[in-house]
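Enquirer: Quick one: structure below, then a few questions.
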Amino acid sequence: MAALGLLGAALVGCGTGAADTPAPKAKATVAESASPRASAAAPGPKPARVPAAPPTMAPGPGGLTPVYTRRAKGTEKVVALTFDADMTADQGPRAARGEHFDNPELIATLRRLKVDATVFMTGRWAEEYPDQARSIGGDPRFEIANHSYSHYAFASPCYGLPTVAGPDMASDVQRAFDAFRDAGAVNVVPYFRFPGGCYDDAALRALAPAGVTAVQWDVVSGDAFAKDADAVAEQVLDGVKPGSLVVMHCTRSAAPVTERAIRRIVPELRARGYRFVKVSELMSAR
C-alpha cells in the first residue's frame, strides 16, 4: 500500500442506494420476561446485557456489497482511527528473515492513551502473529475487521499487487475470518477493507456472498513508508472533520513512524474536542 497517499481522491463513498441497517434488538432474557410476582419472589442476579450486533449497511443496487467511507450526518466530533495490519500471503520468508509486519508498540500506545480503534487485519498476519491477534481481538478497546487473507488486489491494476480471481474473492475473505477464529480473536466485526483500496462493481458483486460491509476512508494519513512522523500527524490533523475515518497502518516495516505520529495526533484532536471511536460506533449513527 505504498501509494495510499494517491488514493484519497479516487475512493468511492456510500451510494445513495445503500442505507444503514439498525442493529437488531437483543432478545429478552428469561428473567426479563418473567411475571412481576415471580421476579419479586426470587429476583436473583441481574442478567448480563446481550451485546448488540455490529451495525452494517444494506446491499447496494443489484445486491452489490455496500461501501462505507465516513459518517455523513451530524456534527458530533467523533473520529475513527483505523490501522491496516498488512501481510501478503507470500511474505512468510521475509518474516522468517526478521522483517516485522507487526507493531506492538503502536498497540501499547493506543492502550496507554485509551484510544478505541479498528484494526483491519489480513488472515496471513493473524497466522504470523496469533498471540497478538488474540490480544487485540480480546481487548474491548479494539475490534478486528477483515483486510482479506492474502492482501492480493480485488481489482486490477492495483499498485502491483497480485490479483484474486473473481470466483475466489468471497472465499479469500472467509479464510481471513477463519484465521481470526483460529487465533482466538473475539471482537471481530463483519467489515472488509479492499487491499490497496482498489475495487470495482465486479469485486462488489463477487464479495456479496461474504455478507460484509466494505469500509474505506476519507482521511489518508500518508504513513505508508513515511519517515517524518510530524508530516503524517499534520496530514491527519488537517484532514479530520466530524465523522471522519482515518486510514493508518500497524506494520513496522512499512509504516515505521505511525506510533510517533499517534502520540501527537491523539492529544491534539482531543484538545479540539474529538472523541475516538471504533468503526462500529461511527457507523451506528448514535
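Enquirer: Please count how many residues of segment 108-124 are more than 17 Å from the chain's Cα centre (by Cα) and more than 14 Å from LEU269 (Cα to Cα).
Expert: 3
Enquirer: Just to be sure before I move on: is THR109 surrounded by fewer than 18 Cβ atoms within 10 Å (Cβ to Cβ) and not in a loop (DSSP other than H, G, I, E, B) in the structure I sent?
Expert: For THR109, the condition - surrounded by fewer than 18 Cβ atoms within 10 Å (Cβ to Cβ) and not in a loop (DSSP other than H, G, I, E, B) - is met.
Enquirer: Are any of the residues in segment 152-163 aliphatic (A, V, I, L, M), more than 25 Å from PHE276 (Cβ to Cβ) and open to solvent by 50 Å² or more (accessible area, probe 1.4 Å)?
Expert: No.
Enquirer: Starting from residues that are assigned to a loop (DSSP other than H, G, I, E, B) and of a type in the set (A, V, I, L, M), keep the ones in segment 54-72 and report whichever is nearest to GLY239 (Cα to Cα).
Expert: Filtering segment 54-72 for residues that are assigned to a loop (DSSP other than H, G, I, E, B) and of a type in the set (A, V, I, L, M), the one nearest to GLY239 (Cα to Cα) comes out as ALA72.
Enquirer: If you check ALA214 against the conditions, is it more than 25 Å from SER156 (Cβ to Cβ), surrounded by 21 or more Cβ atoms within 10 Å (Cβ to Cβ) and not basic (Lys, Arg)?
Expert: no
Enquirer: Which residues, taken from segment 164-177, are in a loop (DSSP other than H, G, I, E, B) and buried (at least 21 other Cβ atoms within 10 Å of the Cβ)?
Expert: Within segment 164-177, just VAL164 meets the criteria.
Enquirer: Out of curiosity, is VAL232 under 25 Å from ALA126 (Cβ atoms), among the β-branched types (Val, Ile, Thr) and open to solvent by less than 20 Å² (accessible area, probe 1.4 Å)?
Expert: Taking the combined requirement at face value, the residue does not satisfy it.
Enquirer: Kindly indicate the residue of segment 70-97 that is among the β-branched types (Val, Ile, Thr) and either open to solvent by less than 20 Å² (accessible area, probe 1.4 Å) or under 16 Å from THR251 (Cα atoms) (or both) and also modelled with the lowest pLDDT among those meeting that condition.
Expert: Checking each candidate, the answer is THR88.
The values are calculated or read from the model by the stated rules, or taken from the named source; none is laboratory data. Values in this document were obtained by computation on a predicted structure and should not be read as measured data. Cβ: placed from backbone, ideal geometry, glycine included. Neighbour counts: every protein chain shown. What goes into the accessible areas is simple: the full protein's heavy atoms, side chains included, and nothing from ligands, DNA or RNA. Shrake-Rupley method; radii C 1.70, N 1.55, O 1.52, S 1.80 Å.
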